[in-house]
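Here is the structure we will look at, set down as structure tokens.
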Amino acid sequence: MCAALSGAWGEISARTPESPVKHIKKSRKASAGVDVKQLAGRAAEAGALWCATTEKTYGWDGSRWVQDETYKVQYDAKGNVSMQNIIDADGFVSRETMTWNENGMLATRMSQVAESEGADFENSGRLSRTYDERVTSFITFNDQDIWFEGAWAPSNSYRHNITRDAAGNITLMERAVYFGGIYDPTFRLTMTYGTDGKATRIEESNLKYDYSTQNYYWEPGMIFSNIVWENTDGQIVSDEDLFTGANRIKSATMTDGDTEMNVTAEYASDGGYTAHVTYYDAEEEEDVASVVTYTPLDGNGSVRIVTTTDYSVGGDVYYTESYTEVYRYDAFGLILLEEEQFSDGTYAELLDRIQGTVEYDATHGYPTRWTLQQYDYDTEEMNNIFRAEYSDYVDASAGITDIEADTDAPVEYYNLQGVRVSRPEAGSVYIRRQGTTAVKVMVK
């Protein structure tokens, strides 16, 4: 897999399907949740790792495509982006230099900006991350700074503190956000385990502030109790996805404020599931029964999710509504279709649709052009919104990833904090830049 080219997602983000818990919370209204999904380049033939070193993005001005940005990208041997230069329509340049850990997760990112190509770069932002030793994709420390008035200033920095019991099960996941010079806890997820070593209760709580007493307090959130597991490994870091992966609930009681819900789920061998959620809505004085069917469509992450909800009084169903969501992606993670439709049996409405078309290289099978259209409610037509063109592919696994190396350009050195150094010292490690090529070196 070839790591994401961020340019393709500057304007459009792919959505992550929601869990049954989120589906029930959104009943009677369309979901507009959007999450970032990475673009990936995958070689059509075994052994090769084809990655585009040039990407051009375009926006639609109503009559024609207008180029927005150009990306010049370098990769490491695993297909992770090691450096990319982003040139916008006005010639302004942004540079990002990245490193990745042994699990392919982002470890560091240095961002710099320049007024134009060839101009000196100035610091813009920096990021470093660490991850949990067992849940290797879960961020434990996100240290993020911005460059402000000649110094680094804290930005979106946070920690996830994990506590495990003697058996290695996670009993507490606490999110602490950097503020006022310290990391303040703002969210907690607490797990209680039974004698069989499986979690019987999961409880979230959020830090709140009481303006009348001027005191902080912990407010309970969603609570899962009486849990029976389809499968679990005790490595629970979130309660928003307990129906896929290593921790899947077979049945449980969910309590959200004054509402108590019963949930059961059946699982298919392909990773799909059907979840049933029932509860009494005291405010509306009605019984609510929802069925969420999650069906994988291929090996690219494509799924169909159908949520059907019956509303009844005294055992008689008086209204039924259904939401159908379809998420289709190609083998490179590019959006082919994201669609949501509503129906109540007599009325149907298209709530949202994004449709993509991809052109592929005839020899290697990698994408060369990706075009997105979105449904316009006023005209009831699909309109162009975004295009990306990929070119200058290299086989990253062969170690050939340089982009237009300029051997005539002057050599510049930067320390690992991104500060330019005029006289590198022997025995120290620096980032050596020449033209658009940057490598980490030790000066001898």
Would you be so kind as to identify which of M110, A77, Y131 lies farthest towards the positive end of the dipole of the stretch 60-163, taking Lys and Arg as +1 and Asp and Glu as -1 on Cβ and the Cα centre as origin?
Y131
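Would you list I305, I139 from the most to the least accessible area, probe 1.4 Å?
Per-residue accessible area, sorted high to low, gives I139, I305.
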Estimated inter-spin distance, T363 and N415, nm [label 7 Å along Cα→Cβ]:
4.6 nm
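Using a 1.4 angstrom probe on the protein heavy atoms only, could you order F92, F148, F121, F179 from most to least accessible area? Write out the running numbers ahead of the final one.
On the way: F92 65, F148 115, F121 30, F179 150 Å².
So, going from the largest accessible area down, we get F179, F148, F92, F121.
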The stretch 309-357 versus the stretch 116-173: alpha-carbon centroid distance in Å:
36 Å
Per-residue SASA entry for E285, accessible area with 1.4 Å probe, Å² rounded to 10
130 Å²
Quick calc: nm separation of the 7 Å Cα→Cβ label points for T308 and R164 -> 4.3 nm
Kirkwood-based Rg/Rh on the Cα set of the stretch 166-258 evaluates to 1.04
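Count the net charge of all other residues whose Cβ sits under 14 Å from the Cβ of R126, scoring Lys and Arg as +1 and Asp and Glu as -1. Walk me through the numbers before you get to the answer.
Working: positive: R95, R109, R129; negative: E96, E122, D143, D145.
Here the count lands on -1.
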Amide hydrogen neighbours beyond the local backbone of V135, cut-off 5 Å, H modeled:
none
With all distinct Cα pairs included, what does the Kirkwood hydrodynamic radius of the stretch 211-340 come out to in Å, to one decimal, could you say?
17.1 Å
Cα→Cβ-extended label distance, 7 Å offset, between S116 and Y209, nm
4.7 nm
If the cut-off is a Cα-Cα distance under 17 Å, which aspartates and glutamates reach K78, setting aside same-chain residues fewer than 8 apart in sequence?
E45, E102, D395, D402
Heads up, I need the accessible area for W100: 1.4 angstrom probe, whole protein in place, Å², nearest 10.
60 Å²
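The values are calculated or read from the model by the stated rules, or taken from the named source; none is laboratory data. Predicted model only: the values in this text are computed from it and were never measured. Using ideal geometry, Cβ is built from the backbone for each residue, glycine included, and neighbour counts are taken over all protein chains shown. These accessible areas exclude ligands, DNA and RNA; they are computed on the full protein's heavy atoms, side chains included. Shrake-Rupley method; radii C 1.70, N 1.55, O 1.52, S 1.80 Å.
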